[in-house]
Structures are given as structure tokens and as C-alpha cells.
1. With the structure loaded, tell me whether residue 122 is at pLDDT 90 or above, within 18 Å of the chain's Cα centre (by Cα) and more than 25 Å from residue 236 (Cβ to Cβ) or whether it fails that test.
2. Yes or no: the stretch 62-73 includes at least one residue that is more than 16 Å from residue 114 (Cα to Cα) and modelled with pLDDT of 80 or more.
3. Taking the stretch 125-138, which residues are assigned to a loop (DSSP other than H, G, I, E, B) and buried (at least 16 other Cβ atoms within 10 Å of the Cβ)?
4. Among all residue pairs at least 6 apart or on different chains, which show Cβ distances below 8 Å where the first residue, located in the stretch 205-219, is without any contact (Cβ under 8 Å) to a residue 40 or more places away in the chain and the second is assigned to a helix (DSSP H, G or I)?
5. Kindly indicate whether any position in the stretch 8-28 is modelled with pLDDT under 90, exposed (fewer than 14 other Cβ atoms within 10 Å of the Cβ) and more than 21 Å from residue 106 (Cα to Cα).
6. With (1) in a helix (DSSP H, G or I); (2) surrounded by fewer than 16 Cβ atoms within 10 Å (Cβ to Cβ); (3) at pLDDT below 90 as the list, and residue 46 as the residue in question, which single condition is left unmet?
7. Looking at the stretch 139-162 only, could you name the residues that are surrounded by fewer than 15 Cβ atoms within 10 Å (Cβ to Cβ), assigned to a helix (DSSP H, G or I) and over 28 Å from the mean Cα position of the chain (by Cα)?
8. In the stretch 179-197, which residues are assigned to a loop (DSSP other than H, G, I, E, B) and over 20 Å from residue 244 (Cβ atoms)?
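The values are calculated or read from the model by the stated rules, or taken from the named source; none is laboratory data. Since this is a predicted model, take the numbers as computed values, not measurements. Heads up, the Cβs are rebuilt from the backbone with ideal geometry, glycines too, and the neighbour counts pull from every protein chain shown.
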């Protein structure tokens, strides 16, 4: 049992409180970033007592985050060192803000050391969707996998990977939503997928087209019957395919398609879907509903690339110097 009033005791209580309000991954997000600050405070010999932490301690910690490198785990599980940026501070700021607000609200701390510290969320540049030629190259890799497959398991894996790519491109599902699907969530006849728990625990329906229907049908026909799990996607050994496994599928496809230099993975397919859906339907509200966004502001971030690309069409075949010359010749 940890000591009452200690850092460890507060972190434990914070975690227990989060578990009553948010999903497990969100609990991990807030708790881990607060825990890293506590580890820093203790091992730097700065603040042993939570009651003594002040604004300057928080500022010093946030500043140091941009001065050091961090260890990042790639899609293939490899470790690499990356240089932290100003954007790196944002998740720690959010974690500490929630942690100290909770501690003050519950009466464990007399004052909030975060008072007066304000960070703006980092602005992300518009994410360019997958280009048609890039998608074609990934599908060429999967077609080759199917042609060279000899055993039943090899065919199952080839069919699985193609079904995964088609589904994410046609449904706009998040990585966690794709990985968490069960067999019973897929309705081939109506071409619908039931997302039982999306972001913030919200469920919704998404759709897919006939190409994905065919790919899912082929995969389900090859999925081993002896698999005990009801997970939609399974590994060669018959175990449920985790998030990391879905990421690995995309990492391999990009590598074999010569697209390792292209930024983006599963989430890029979500942007690709939003771009395609809006160009076809011009229905922003429908796009919001199918993406599972709480408001249109987030949906508009997903579709910012469309606006920029449409505006830049004015440059097709000419430029400002041509426009000025044409005007002078009139």
C-alpha cells in the first residue's frame, strides 16, 4: 500500500478516478503522461512532496521536453531516437492539467501549479490522402501475395490483408475500430459494419462497396473454422490480430510497393475515405456521421486537402505570369 499523500498515492487515485469516466486507452494516455512528470520530479531531486510543486517546476519540465530525444517504437517494433518538438509538450500538458485539476478538486492539493500555464494545441498540416497510383501499387503487392500463396494459411493471410486494405479505404474506420471488429459485426448482404465502440465509447454504422464485400467474403471463407476467438481478423496461428498487427500489414505493403518514403499509414486511409466521400456526395454532415466525429470542426480538418487542391487547380496549365501577360494583351 502506497503512502497517503505521496506522489504514488495520488497517481493511483487519479487512475482509479479516470477508470470511472473514460475508456482504458484514454486512462493510459492521461495517467502515463502524469506519471512521467512525477518520475522526472522525483529523480531530478526537485519535488519529493506533491504539496510543494509549483508553476516553475511545471514550466521547467515542459521546457526540458523539447531539449531531449525520445525513444519511438516503429510499426515494425524497432526502436529509434527522435527529436522532440514543441508539439511533443501537448500530451504532457493535457495529462498534467487533468491530473492537477483532479487533485485540487478532490482536496488533495491546496493549489493548482498549472494555473497560468497555457499551451495551444499543435496545428497539424492537412494530411494528403493516398493517391490512386499509390493505392494501385499496394493492391499489386497483395495480388502478388495471392498468386504465390500455396498453402491454405498463406491464402488466408493474403485474402485477409486485401480485405483489411479495402475495408479501411471504403469505411473510414479508425485503426482501433478496424482491429476491434468481430465476425458478427460484418453484414455482407447489406454491406454494413457495426462499430460497437468507437472513440469515447460511441457506436455507429459504416458501409462498404461491392469490391470490399467480395474481399470479405473470400477472407471469411478461408478463415480457419477452429479459431476460438470471434475476432474478425486473425493471425496465421489463429490468434486475434492486434492493432500492431494491422499496422504491420500496412508497413509491409508500403515497403513492398516502394512507398516507404510516403508519410502515413492506416489513419491516412481515413482521410482518403473522407476526401472520396465528399467529392462524390458533397455531404459534409453525412461525412461527419460516418467518421464518428462529435462536431463538424474535426471533419473539416480531415477534408482540408480537398479545399487546397481545388483552389490550386487555377494553376493547371498556367500561372500568375501567364495571367498578367494575358491581361496586358487584352
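1. No: the conditions fail for residue 122.
2. Our first condition is that a residue be more than 16 Å from residue 114 (Cα to Cα); within the stretch 62-73, this holds for 64-73.
After this cut, where a residue has to be modelled with pLDDT of 80 or more as well, the list is 64-65.
Scanning the stretch 62-73 turns up at least one residue that is more than 16 Å from residue 114 (Cα to Cα) and modelled with pLDDT of 80 or more.
3. In the first step, residues of the stretch 125-138 are kept if they are assigned to a loop (DSSP other than H, G, I, E, B); the result is 125-131.
Scanning the stretch 125-138 gives 127, 128, 129, 130.
4. 209/170
5. So the first thing to find is which residues in the stretch 8-28 are modelled with pLDDT under 90, and the list is 21-26.
Next, from what is left, pick out any that are exposed (fewer than 14 other Cβ atoms within 10 Å of the Cβ): 21, 24-25.
Those still in the list that are more than 21 Å from residue 106 (Cα to Cα) too: 24-25.
Yes, because at least one residue in the stretch 8-28 is modelled with pLDDT under 90, exposed (fewer than 14 other Cβ atoms within 10 Å of the Cβ) and more than 21 Å from residue 106 (Cα to Cα).
6. (1)
7. Pass one, the stretch 139-162, residues surrounded by fewer than 15 Cβ atoms within 10 Å (Cβ to Cβ): 140, 143-144, 147-148, 150-152.
Subsequent filtering for residues that are assigned to a helix (DSSP H, G or I) retains 140, 143-144, 147-148, 152.
Passing the criteria: 144, 147, 148, 152.
8. The first filter runs over the stretch 179-197 and keeps only residues assigned to a loop (DSSP other than H, G, I, E, B), leaving 180-181, 188-191, 196-197.
The answer is 188, 189, 190, 191, 196.
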